[in-house]
Amino acid sequence: MRTFIIFCLSVTLLFLAACQGNELGETAVQSQNSPTPPIVNTAVPPTNTPPPPPPVIEEELPTNAPDQPTATNAPPTEPPPTPTPTITPIPENPVSSISLAPVISGLTQPLYLTHAFDDRLFIVEQDGLIKIFQNGALLATPFIDLTGPVGYNSNEQGLLGLAFHPNYQENGFFFVNYTDENGRTNIARYRVSDDPNVADPASGQILLTIPQPFANHNGGMVAFGPDGYLYVGMGDGGSQGDPQNHGQNPGTLLGSILRLDVNSADGIYTIPADNPFINDTNARPEVWAYGFRNPWRFSFDRDSDDFFVADVGQNAWEEVSWLASDTPSGQNFGWNPMEGNYCYLQNCDSTGFVPAIFEYNHSLGCSISGGYIYRGQQYLSLYGNYFVADFCSGTIWGIFQNADGSWQSAIVHESGLPINSFGEDINGELYVVARTGQIFQIRP
């Protein structure tokens, strides 16, 4: 027991130092030449494979029995029409508690979990392996081994993200976000082999390489939005307090969420024609939103298409922000003038910044791990609740939007686990990914 406690304390303290950006003495990575200007895509946004529809509660309309004929020679009556079911929205209420059911163990520093539009679970391990959990067992052969190109010299480096193309069932493409031996962020595309459980490591094509001035705040999330484009989360480049002012500079790819069209068969990316800075010569056209410190995890609500992002804080505040699906792009999320809804720089002005809908200070944790809003079918009592956690304390919160548009939150579980991330399966069921090598399913 004592050994376990010492291990947990060691991992927590190590990650705490990395998350709060105290590596001031790190050597900066040498700048690389800017990549060839990307092609602007003027085509209609691609059609993506829609996720399964949300579960519904169906009620049949009552039908009256047809009148009986009053005479034996009356013409036969037509059968009554088939009742048309009416769809009743699933009730949404804030939850006060959840439980965690063990699903997988024996992993090595798992960072993320996702699906490939089927019942398999794909788990990202930080050192460069992607593993498959299928039919109740962890497959012995990894889906892909990327330990060669992946560089893992710091707690916030390694293989950090995975996203399957919306048309994966047809084209076999998936995308990863990793740091290399030089500390640079790489967005690369790979393809599955003839064996659906094994990808082809020789198929890799790097779409984008982004130099990182420090080893921390690499972001790492990649996810396809409801528009079929690839969204990439980039941190501010590291150190403390954003010394190079990347967060407030859309002229850099750091401190931003990028939006890329990766549907070219040539393994390149193009710029969606409606990206917000496409005609701004002082900004990068890839940028979709900016003002982030380290947007470690973000997600789109599969029901409403709303956007949730958790940004790791500096000295005091961890935060979750939200954009309704009809919000114009090009939004500024406030770092580094602000940390959460509070001034990080003296006498800051919050005008024009996207506010946090949820925040907590460092008396409750040290590093936020963003999650998902529950849209599963197994536990409808969880429906409509967004879950988020802290890495250091293991506290899990539920966040719920009230009918008047306001938000409320509550601590729903004290896990004591170092929670790296959340994951979502094909059916919208949610999972907790713990650095201890375990995966848990969220249940009431």
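The values are calculated or read from the model by the stated rules, or taken from the named source; none is laboratory data. Remember, predicted model here, so these are calculated numbers, not experimental data. Cβ sites come from the backbone with ideal geometry, for glycine too, and all protein chains shown count toward neighbours. Note: accessible area is taken over every heavy atom of the protein model, side chains too, but ligands, DNA and RNA are not part of it. Shrake-Rupley method; radii C 1.70, N 1.55, O 1.52, S 1.80 Å.
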Right, Asn341: modelled with pLDDT under 95 and either open to solvent by 20 Å² or more (accessible area, probe 1.4 Å) or in contact with a Pro (Cβ under 9 Å, 6 or more places away or on another chain) (or both) or not?
-> no
Please state which of the following conditions Val433 fails to meet, knowing it meets all the rest: (1) crowded, with 22+ Cβ neighbours inside 10 Å; (2) touching a helix residue (DSSP H, G or I) at 6+ places or on another chain (Cβ under 7 Å).
-> (2)
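Per-residue answers, yes or no, for (1) more than 10 Å from Arg293 (Cα to Cα); (2) of a type in the set (Ser, Thr, Tyr); (3) in contact with a Pro (Cβ under 6 Å, 6 or more places away or on another chain):
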position: Gly237; (1), (2), (3): no, no, yes
position: Asn249; (1), (2), (3): yes, no, no
position: Leu254; (1), (2), (3): no, no, no
position: Leu258; (1), (2), (3): yes, no, no
position: Asp261; (1), (2), (3): yes, no, yes
position: Ser264; (1), (2), (3): yes, yes, no
position: Ile271; (1), (2), (3): yes, no, yes
position: Asn279; (1), (2), (3): yes, no, no
Restricting the search to the stretch 96-110, which residues are open to solvent by less than 20 Å² (accessible area, probe 1.4 Å) and either farther than 15 Å from Asp425 by Cα or touching a Lys or Arg at 6+ places or on another chain (Cβ under 7 Å) (or both)?
-> Ile98, Ala101, Leu107, Pro110
Within the group Asn177, Asn218, which residue is assigned to a strand (DSSP E or B) and crowded, with 18+ Cβ neighbours inside 10 Å?
-> Asn177
Check the stretch 416-425 and report whether any residue there is among the β-branched types (Val, Ile, Thr), crowded, with 22+ Cβ neighbours inside 10 Å and in a strand (DSSP E or B).
-> yes
Residue count for the stretch 272-294, restricted to those that are within 22 Å of the chain's Cα centre (by Cα), more than 20 Å from Val262 (Cα to Cα) and open to solvent by 40 Å² or more (accessible area, probe 1.4 Å) | 0
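A quick yes/no check of all residues on (1) open to solvent by less than 20 Å² (accessible area, probe 1.4 Å); (2) part of a loop (DSSP other than H, G, I, E, B):
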residue: Gln377; (1), (2): no, yes
residue: Gly384; (1), (2): yes, yes
residue: Ile399; (1), (2): yes, no
residue: Asp404; (1), (2): no, yes
residue: Ser409; (1), (2): no, no
